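My questions will all concern the structure given below.
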Amino acid sequence: MTLSTADVSTSPSAISIRHLRHSYVQRGALALKKKTSIEVLKDISLEIPAGKTLGLVGESGCGKTTLVRAILRLIEPTSGEILLRSDNSLNSQPRDILSLSKADLTAVRRSMQVVFQDPYGSLNPRMSVFQTVSEPLRTHLGLDRRACKTRVNEILDLVGLDPILVDRYPHEFSGGQRQRVGIARALAFEPSVLILDEPVSALDVSVQAQILNLIIGLQEKLNLTYLFVSHDLAVVQHVADEVAVMYLGKIVECGLADDLFSNPAHPYTQALLSASPIPDVDLERKRKRIVLRGDISNSAGTHSGCQFANRCHVGVGKDRCTNESPELETVSFQHQVSCHYPAT
């Protein structure tokens, strides 16, 4: 995604992902069977402006989690660049995460933290809240117990938890409280970037609203930059400034949230939005749903054309869609789509 010249002067990119690719090697059951390379990230390029939220959406298996793992360098991408600013200042020089040594990467990771999907599975059941939040402070900053206690109390108050709960364990909390602990742990280093991987999908609807409001409030207070990963379009619409739609490891549409939700240009985005429920009974009954038919393309195969062609309701039977792969092109201001026949 790109910014206008005016925006660039005041909003540097906190993260710049450039031509990122990643492939897995699939080995056969027999030693003599030929190995197959499966490309799961296909030339991903994204820009996340400092202090803003980029929502990443797509169905299960499209590569969202793989992209998150690559950004965090939990896996080593095949090629590309991931440029990260240590803070939101224009004077801060971005550094390529993929070229850093382990020692340098440890320092840079303080600027970028992650909140996981499962608030129970991501917490150590044998560690209290104080131990969970203070562990990175002791390990990386060398703070003593007294300094850790002061910092932990500040963070818990920031995420809406009473500091008297510091000695409790994960099983003593509700799902929403556990996720607050996870957010507190991520904020311990005062990072500039948070990656939120389906942070509310495991919570009840009423609790989801509380956590989303907390996330929005923290961004405004701390000037945080978010990569918000979700399959729930209603949630993404509520929190995101910009949205990128992913299909089989490729960005097929991206743009400002309001523009993308009101004028979806890619057939896949249109189908996703048509499947998202509307809290209005009359509108829900009247609207036309787009049902995707056909099988998902095999990622291990080679595609001379659009990988969405066999499920598309627009390009059915069109030779160009079958034989020519579309590039990500601009259709309007800050709105890009990878489609031969985008909606206008």
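Taken together, the values in this text are just the output of simple stated rules run on the coordinates, not laboratory data. Just so it is clear, the structure is predicted and the values come from calculations on it, not from any experiment. Cβ sites come from the backbone with ideal geometry, for glycine too, and all protein chains shown count toward neighbours.
Return the total of residues in the range 187-230 being of a type in the set (A, V, I, L, M) and either touching a His at 6+ places or on another chain (Cβ under 7 Å) or over 21 Å from residue 120 (Cβ atoms) (or both).
Let us first name the residues in the range 187-230 that are of a type in the set (A, V, I, L, M), namely 187-188, 193-196, 200, 202-203, 205, 207, 209, 211-212, 214-216, 218, 222, 224, 227, 229.
Pick out the ones that are also either touching a His at 6+ places or on another chain (Cβ under 7 Å) or over 21 Å from residue 120 (Cβ atoms) (or both) and you get 193, 212, 216, 218, 222, 224, 227.
Count: 7.
Tell me which residues, restricted to the range 62-115, are of a type in the set (S, T, N, Q) and more than 20 Å from residue 24 (Cβ to Cβ).
As a first pass, look at the range 62-115 and keep what is of a type in the set (S, T, N, Q): 65-66, 78-79, 86, 88-89, 91-93, 99, 101, 106, 111, 113.
Of everything in the range 62-115, those that are of a type in the set (S, T, N, Q) and more than 20 Å from residue 24 (Cβ to Cβ) turn out to be 86, 88, 89, 91, 92, 93, 99, 101, 106, 111, 113.
Among the candidates 207, 166, 159, 236, single out the residue that is touching a helix residue (DSSP H, G or I) at 6+ places or on another chain (Cβ under 7 Å) and crowded, with 22+ Cβ neighbours inside 10 Å.
Values: 207 fails: crowded, with 22+ Cβ neighbours inside 10 Å; 166 fails: crowded, with 22+ Cβ neighbours inside 10 Å; 236 fails: touching a helix residue (DSSP H, G or I) at 6+ places or on another chain (Cβ under 7 Å).
Answer to the selection: 159.
For the range 249-277, give me the residue count where each residue is part of a helix (DSSP H, G or I), touching an Asp or Glu at 6+ places or on another chain (Cβ under 7 Å) and surrounded by fewer than 24 Cβ atoms within 10 Å (Cβ to Cβ). Quick ask: steps written out before the conclusion?
The initial filter retains those residues of the range 249-277 that are part of a helix (DSSP H, G or I), namely 257-262, 267-275.
Now drop any that are not touching an Asp or Glu at 6+ places or on another chain (Cβ under 7 Å), which leaves 257, 260, 269.
Next, only the ones that are surrounded by fewer than 24 Cβ atoms within 10 Å (Cβ to Cβ) stay: 257.
The qualifying residues number 1.
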